[in-house]
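J.: My questions will all concern the structure given below.
The values are calculated or read from the model by the stated rules, or taken from the named source; none is laboratory data. Given the structure is predicted, the values throughout are model-derived calculations rather than measurements. So basically every Cβ, Gly included, is an ideal-geometry build from the backbone, and we count neighbours across all protein chains shown. SASA here: full protein model, heavy atoms, side chains in, ligands and nucleic acids out. Shrake-Rupley method; radii C 1.70, N 1.55, O 1.52, S 1.80 Å.
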Amino acid sequence: MATTVEDYFGSKAGVLWACLNEHGAQSISQIKRKTKLKDSEVYSGLGWLAREGKLQIIGDVPLLYKFRIS
C-alpha cells in the first residue's frame, strides 16, 4: 500500500509536535538535532502544524525564531 501525502506529512508533523511538547520552544536547529529529521521534513512538519493552528512563533527575527505548540 502506498503512503498517502497526508500520512507522510502528518507523520513528520507528529514527530515535531512530540519534540515541542516534550522540550518546549525550540529553534529549527534544535528541532533538527533532536528529531533527526531532514530540513525539508522539518519545514513540511512545521507547515502542517501551522496550517492546523497548532504552532506559535516566538521572536521577531526569522533566523532566530523559536517554535512551540499552541
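J.: So what J values fall out for the range 63-70 if you push phi through Karplus, 6.51 cos²θ - 1.76 cosθ + 1.60 with θ = phi - 60°, rounded to Hz, Gly and Pro as x?
T.: 6, 10, 3, 10, 10, 9, 7, 10
J.: Enumerate the aspartates and glutamates that LYS12 could reach by cross-link, defined here as Cα to Cα under 15 Å, with residues fewer than 8 away along the same chain left out.
T.: The reachable aspartates and glutamates, counting only those whose Cα sits under 15 Å from LYS12, are ASP39, GLU41, GLU52.
J.: Measure nothing fancy, just the Cα-based angle from helix 5-23's long axis to the longest principal axis of the chain, in degrees from 0 to 90, nearest 10.
T.: Between the helix axis and the principal axis of the chain, the angle is about 30 degrees.
J.: Continuing with the same structure: Which order do VAL15, VAL42, VAL5 take by accessible area at a 1.4 Å probe, largest first? Let's see the in-between values first.
T.: Working: VAL15 60, VAL42 0, VAL5 95 Å².
Per-residue accessible area, sorted high to low, gives VAL5, VAL15, VAL42.
J.: Normalised by the residues of the chain, what does the relative contact order come to in percent, with Cα pairs under 8 Å and at least six apart? Walk me through the numbers before you get to the answer.
T.: Working: 81 pairs, mean separation 25.6, N = 70.
For the chain, the relative contact order is 37 percent.
J.: Could you run the Karplus curve 6.51 cos²θ - 1.76 cosθ + 1.60 with θ = phi - 60° over the range 41-56 and give me ³J(HN,Hα) per residue in whole Hz, x for Gly and Pro?
T.: Values per residue, Gly and Pro as x: 6, 5, 5, 5, x, 5, x, 4, 5, 5, 4, 7, x, 10, 9, 10 Hz.
J.: Taking the Cα-to-Cβ direction at TYR43 and at ILE58 and moving 7 Å from each Cα, how far apart do the two end points lie in nm?
T.: Output for this residue pair reads 2.4 nm.
J.: What residues qualify as long-range amide H neighbours of SER27, i.e. H under 5 Å apart, gap of 5 or more or another chain, H built at 1.01 Å from N?
T.: Residues meeting the criterion, in which the H sits 1.01 Å from N, are PHE67.
J.: Please report, as a whole percent, how much of the solvent-accessible surface of the chain comes from carbon and sulfur atoms (probe radius 1.4 Å).
T.: Values: 2650 of 4760 Å².
Looking at the chain in its full context, I get 56 percent from C and S.
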